[in-house]
Amino acid sequence: GVKLFFLHVNRDFLIGAAFAAATGAHLLPEVAVLGLHPLSVGADGTPPDAGTAASAPILLLHGDTLCTDDRAYQDFRRQVRKPEWQQGFLTQSLPARQNEVNLLRQRSTEAVRQKSAEIMDVNAGAVRRLCAEYHCRILIHGHTHRPGCELLDTEPPCERWVLSDWEHDRGDALETHGQKIRRLDWSQ
């Protein structure tokens, strides 16, 4: 009886309708607007946990599209999401696809080593444009692996929650309780 929703991230862009049908998952669009009950949003520099009551449209996205300064990654992202690229990839044999994936991961690891932290983080202007476009009060994303929460001085004010990456010794999630959002941190 639990509903499962799936949001594509970096390496699972090929997941589609067959996966959704097999798992009963609902595939979310790249930018999902959540219709949850009103939540508190921090104001006047108060911590988000102690926020003031306000109706809060929530935006959920992976976050990689906000890293607009990383042009090489954005080019790669556009390429692998093209239907013709995906179809060409999927027509290859399984060993050929596995080799391609391993090569892409090696290139990605090397590219990350050579990039500055600033380039791989979200672009503040892109965040503000997204919040304004959707009139959201809460933005939740991952990708940057820099967990935290900040209150943006947008109009209206918007909280930006960033989730951590998941490894064997760390991970987190967000939970709504009443009118609050709180982070559940499973890091050891």
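The values are calculated or read from the model by the stated rules, or taken from the named source; none is laboratory data. What you are looking at is a predicted structure, and each value in this text was computed from that prediction instead of being measured. With ideal geometry, Cβ positions are generated from the backbone for all residues, glycine too; neighbour counts draw on all protein chains shown. With ligands, DNA and RNA removed, areas are computed over all heavy atoms of the protein, side chains included. Shrake-Rupley method; radii C 1.70, N 1.55, O 1.52, S 1.80 Å.
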Can you give the relative contact order of the chain as a percent, counting alpha carbon pairs under 8 Å and 6+ residues apart? 21
Hey, if you put +1 on the Cβ of every Lys and Arg and -1 on every Asp and Glu Cβ in the chain, which of Phe6, His168, Thr154 ends up farthest toward the positive end of that dipole? Phe6
Evaluated at 20 °C and 1.002 mPa s, the Stokes-Einstein D of the range 88-146 based on the Kirkwood radius over Cα pairs, in µm²/s, stands at 146
Using only helices, what value at 222 nm comes out for the chain when you add -39,500 (n - 2.57) per DSSP H run of length 4 or more and divide by the total residues, to the nearest 500 deg cm²/dmol? -9500 deg cm²/dmol
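For Trp186, what is the net charge nearby, where nearby means another residue's Cβ is under 15 Å from its Cβ and Lys, Arg count +1, Asp, Glu -1?
Once positives and negatives cancel, what remains is -3.
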Give me the percent of the accessible area of the chain that comes from carbon and sulfur atoms, probe 1.4 Å, all protein chains in place. 55
